[in-house]
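So the structure is just underneath, and the comments pick up after that.
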Amino acid sequence: MSSRCGSARGSVLLAAAVLLAGCDREQRRFSEAPPSASPSEIVRVSALQPGPAIIASSSSNRYDGNAYAISQGQRLYTWFNCAGCHANGGGGMGPPLMDTTWIYGSAPAQIYRSIVEGRPNGMPSWGGRIPNEQVWMLVAYVRSMAGLTPADARSSRPDHMMALPGSQILVEPQR
Amino acid sequence: MTTETSAPVAEAIGSDDDAALAELERVWRPRPGLRGWLTTTDHKAIARRYVVTAFVWFALAGLNAVVMRLQLAQPERGLVGPDRYNQLFTVHGSAMMFLFAVPVMQAMAIYLVPLLVGARNISYPRLNAFGYWMFLIGGVLLFASFYLNMGPDTGWFAYVPLSGPQYTPGKRADVWAQMVTFTEIAGLVAAVELLATIFKTRAPGMSLDRMPLYVWSILVTSLMILFALPAVAIASTLMLAMDRLVATHFFNPAEGGDPLLWQHLFWFFGHPEVYIMFIPGLGFVSSIVETFARRRVFGYPVMVASLVLTGFVAFGLWVHHMFATPIPQLGRGFFTAASVLIAIPTGVQIFCWIATIWSGRPRFATAMLFAIGFIVVFTIGGITGVMQASVAFDLQVHDTFFVVAHFHYVILGGVLFPLFGAVYLWFPKFTGRLLDERLGRWHVALFFIGTNLAFFPMHLLGLQGMPRRIYTYRPELGWGDLNLLATVGAAIIGVSVLLFVVNVLRSRRHGALAGDDPWQGSTLEWAATSPPATYNFRDTPVCRSVTPLWSGDGEPAEALPVVTGLATHRRQILVTTVLDAVPDNRHNHPADTSAPFWMAATLGVTFIGAIFTPWAYVIGFALAGIAFAIWAWPRGDHPEDAVLPRRGES
Amino acid sequence: MSARPLLLGCVALAGCGGARNQSALAPEGPVAGEVASLWWFALAVATAVYLATVGALAWAAWRARRRAARGEATDPARDHRRMTVAVSVGGALTVVILLGFFVRDLAAARALRIPVTRDHVKIRVTGHQWWWSIEYPHPDPSQRVTDANELHVPTGIPVLVEVTSHDVIHSLWAPNLAGKKDLIPRYVDTLWFQVDRPGVYGAQCAEFCGHQHAKMALPVVAHAPRDYAGWLARARRPAAEPSDSMARRGREIFLSGPCALCHAITGTPAGSRVGPELTHLASRRTLAAGTLPNGKGNLAAWILDPQRIKPGTAMPATALPPADLEALLAYLGGLQ
């Protein structure tokens, strides 16, 4: 009897260790400081640099693997009418967000900067309008549309019309 | 093939031909150690672990309830936040309904039904083992997820769109959906086995009108399971899981789906589910009352008809959970009528039990006290249930604590009281020792007091405006005092359950020895040893009446007739006809094997993987196919040949 | 149905806790009153049936013990006859009582049909996670009112509330006034009630709808018909102009900061329907759907950190320097 319990206990611990890796996905952070209120390091949107390339420190978005943040980003995307220019990722007046072409870069800090600062040819500057943590949620959601976030943190579709094919990809896009 | 002889009751087994007996024992013996644990197909071994596992889930879900009650004991308490609270009540409800209430009733039936019908084992023994492993995986999935902050948090009923892909991000609702898959498969296979056992392997002479009432209750329950469980399996495993995983639109109102469809599918299962939990409890009460009133239960045909009618009508009630939704007025009226109607058979059963006690010579042992407690507690819940059949009244109390009070009264009264009573009744049969009567009286008294103290105030709370599933409430609403009272009651319930556990653990080792038939019971299980041999009965008993072990009321019979002729060199059971239990043929059972375990393991990989990716179905079913091939592979001329000569034996 | 048992019941239960303005046992209108009288009838019958059943059980046990203790001889045939009669009578009584209850319920259902032929008021309520948007329709679009988190109704005439949901399933329940109705996306259903006397009655969401289901209340304010017309006229006016420079600065902050992205104030460029309408915020009794009493301090706390008060709510924390916060509060405080 005791040997059975021992072996069962061991396998449970192993399974727990494996599962703990996915723990961050399920966190619902309601009142927490967002990943970085203002990214201080230089965020480059162009790959062109004079002289030897300076390796930019990549600040990852802690919300990337967080299902709650991506889902909130999805709702904010609808509420703030991003679809007005970007449709549901397919683009229109604005560029598509679910393809692999990123004019100003796909790193979280780069997308954050694009939203906050605005971009030429029509992207408004939302800084001071959308609070910081909501911008980071939008960043996570936008990245999820292109398949750049872990698959299990993305939800398959929203509950309104025109399902977003970008947020439930069976096969990752070619990079 | 069959020869009818007579043997004294006490010596019906284990006598005379020692060599044949030794062979029988060897053939039915499980393998030693861990291998035996993984490969056994003995219904008693599987049922024992099934019952214990179910009680473990019961205890864990009960802890959830304690935390919930502590949170609600005072207004605006900050013990747990809304996210954790939502997981607490969802896991509490899901575990109690899916992992405890139905499985424990099935597990008790898996143990008792073969003994009560005089069979050597349950039908489809490998399927039985498989069912347990699926149940275990489902429970581990739910609780492990809960402790890893991945527990489902949308209620045990998981209404869409809240549990859909947009409003419940992450994998919590997928965990719920797949947990349901495991428990539904386990429930369905147990129902199939029990039906086959009841229909085809009863003792000769046990025609349908001589079957014990408990066996009738299991028959009705198993048929209900076959029709009810697929509805929720389709809704959760197929439709909800697919909505969440691969963007189907079953429940997306914007694309033509319908949130009400979920409610219909769920409650078509959900209402029969509560009767599936409750009807075996009715069977338990019949057994307890018969044994301790020392009189055959009055009105056997009426009792059987009541069970069957309850089972039927239970399928016509489900919309009473949806009275607040936009459904037609005429439709509502139909379900009001059905919900009122279903009280009649149960009421008649209660009258028959009262009549039995009135004309019997009752002994108020603990088991009998639980049966009486059932009548006192359940009737309150039944009455509030009939009240809620009225649409107008239901619209006031739906989704309030009045409903919480109602269903806890019917569940604690109709499921827990009979279950505890059944354990006190049959513990001597399971283990050979009696449970302590003094501790038992404390158990029943505290459980009774705790139940009433915890749940009676909730009737008032619901009428005073307190809705369900809230993690806190404002002080000016005035709900604090009654909530505090309810919390005290919950604590008393916890203490009583603790006493029960102590009683069981102590009595297993140090309880008074019971002998084969401590209560002078009326049904066939008391003719087996305590605990029964792996093969239950040396010779299959013959059944001459509803109370085969009694000659009159409460008087033990002189001798129990048996039929001989079943083989002792292989695992053989006697198959009889459906209506009159005339011996028909002999059937050979398969040897012990670990194939059911591997089948369950591969399906576990499939369905747990399907939480994360649809490819799990492809890979997993392929693996499961291999496991099934191993299970079902034909093995020569006699595929169920139980015994090949062991190494070293001739 | 007579009011006397109602009154007696209310008096009896008055001491048992509960707030009178959110209780099904304190009906304030004919709909809730009909249900309450049905409840008292059912309770009376239920108590009688229960006492009879448990009494029969106790008597049966006592009588059997006495018979066994005295060693009386039993007459099985006579016992069997008696039991058959008793169980048959019990069963027949059960059927009759249940039939009686069913008929009584049918009568209640008839009395509770929606009175569409009479003069009535129509209001539309839409549920959101976790607030209510209220629309007072009118054929003339300029006379329509959009409000949030407080329902205003006239007394004395039927109120038909058309309910639907924007996201998940909610349920509107004002226990003093009527039973509940589920708010289901893409379905519109009608809840009706009539209020007898003016007052403020509590309503709450009654279908689990996510993290803050517990804090989704809706005060129902009933006015006498004349007062109601006055309230409606005030509600139709656009937002009050800021009275001083501080309030004007507050309006600037509202329009140029994150607030206008989600909240609408008629008469200003802010027109977003994402969050509750704020045109007459200062006239409301509560904030955040009944979570906090309305007041300057509570409003400040809510603006600065709503997640502390209602964790999970869609409103983000807004960090404002103290002077800006004061200005904003001054402006919002003027929105009567």
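Summary of computed values
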| quantity | calculated |
| --- | --- |
| Residue match in the stretch C:32-46 (condition: farther than 26 Å from B:Val376 by Cβ and touching a strand residue (DSSP E or B) at 6+ places or on another chain (Cβ under 9 Å)) | yes |
| Residue in the stretch C:237-248 that is within 14 Å of chain A (Cβ to nearest Cβ) and touching a residue at least 40 places away in the same chain (Cβ under 8 Å) present | no |
| Residue that is surrounded by fewer than 18 Cβ atoms within 10 Å (Cβ to Cβ) and in contact (Cβ under 8 Å) with a residue 24 or more places away in the chain, where the choices are B:Leu482, B:Leu513 | B:Leu513 |
| Any hit, the stretch B:328-337, residues being more than 23 Å from the chain's Cα centre (by Cα), among the small types (Gly, Ala, Ser) and facing another protein chain (nearest Cβ under 7 Å) | yes |
| Helices (runs of 4 or more DSSP H) within the stretch B:24-132 that include 3 or more residues crowded, with 24+ Cβ neighbours inside 10 Å and out of contact with any Pro (no Cβ under 6 Å at 6 or more places or on another chain) | B:43-72, B:82-94, B:102-117 |
| Residue in the stretch C:279-291 that is without any contact (Cβ under 8 Å) to a residue 40 or more places away in the chain and surrounded by fewer than 18 Cβ atoms within 10 Å (Cβ to Cβ) present | no |
| Any pair with Cβ under 6 angstrom, 6 or more apart, that starts in the stretch B:518-535 at a residue that is closer than 17 Å to B:Gly554 by Cβ and ends at one that is among the hydroxyl-bearing types (Ser, Thr, Tyr) | B:Trp519/B:Thr291; B:Gly521/B:Thr291; B:Ser522/B:Thr547 |
| Residue in the stretch C:248-271 that is outside the structural domain of C:Cys209 (by TED's automatic domain parsing), farther than 28 Å from A:Arg75 by Cα, of a type in the set (A, V, I, L, M) and surrounded by 15 or more Cβ atoms within 10 Å (Cβ to Cβ) present | no |
| Strands (runs of 3 or more DSSP E) wholly inside the stretch C:74-187 containing at least 2 residues that are in contact with a strand residue (DSSP E or B) (Cβ under 7 Å, 6 or more places away or on another chain) and within 10 Å of chain B (Cβ to nearest Cβ) | C:159-165, C:170-173, C:181-183 |
| Any hit, the stretch C:221-237, residues being out of contact with any Pro (no Cβ under 6 Å at 6 or more places or on another chain), farther than 30 Å from B:Thr90 by Cβ and buried (at least 21 other Cβ atoms within 10 Å of the Cβ) | no |
| Some residue of the stretch A:106-117 being surrounded by fewer than 21 Cβ atoms within 10 Å (Cβ to Cβ), part of a loop (DSSP other than H, G, I, E, B) and on the phi < 0 side of the Ramachandran plot | yes |
| Whichever residue in the stretch B:154-179 is in contact with a Gly (Cβ under 9 Å, 6 or more places away or on another chain), more than 8 Å from every other protein chain (Cβ to nearest Cβ) and farther than 22 Å from B:Thr325 by Cβ and, among such residues, is surrounded by the most Cβ atoms within 10 Å (Cβ to Cβ) | B:Met179 |
| Check on B:Gly462, within 30 Å of B:Gly552 (Cβ to Cβ), touching a residue at least 12 places away in the same chain (Cβ under 8 Å), part of a helix (DSSP H, G or I) and not hydroxyl-bearing (Ser, Thr, Tyr) | no |
| Long-range neighbours under 6 Å by Cβ, at least six apart or interchain, first residue more than 7 Å from every other protein chain (Cβ to nearest Cβ) and part of a helix (DSSP H, G or I) within the stretch B:368-392, second surrounded by fewer than 23 Cβ atoms within 10 Å (Cβ to Cβ) and of a type in the set (Phe, Trp, Tyr) | B:Gly373/B:Phe448 |
| Any chance C:Gly297 is at pLDDT below 95 and either in a helix (DSSP H, G or I) or under 30 Å from C:Tyr201 (Cβ atoms) (or both) | no |
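The values are calculated or read from the model by the stated rules, or taken from the named source; none is laboratory data. Remember, predicted model here, so these are calculated numbers, not experimental data. Cβ atoms come from the backbone with ideal geometry, glycine included; neighbour counts cover every protein chain shown.
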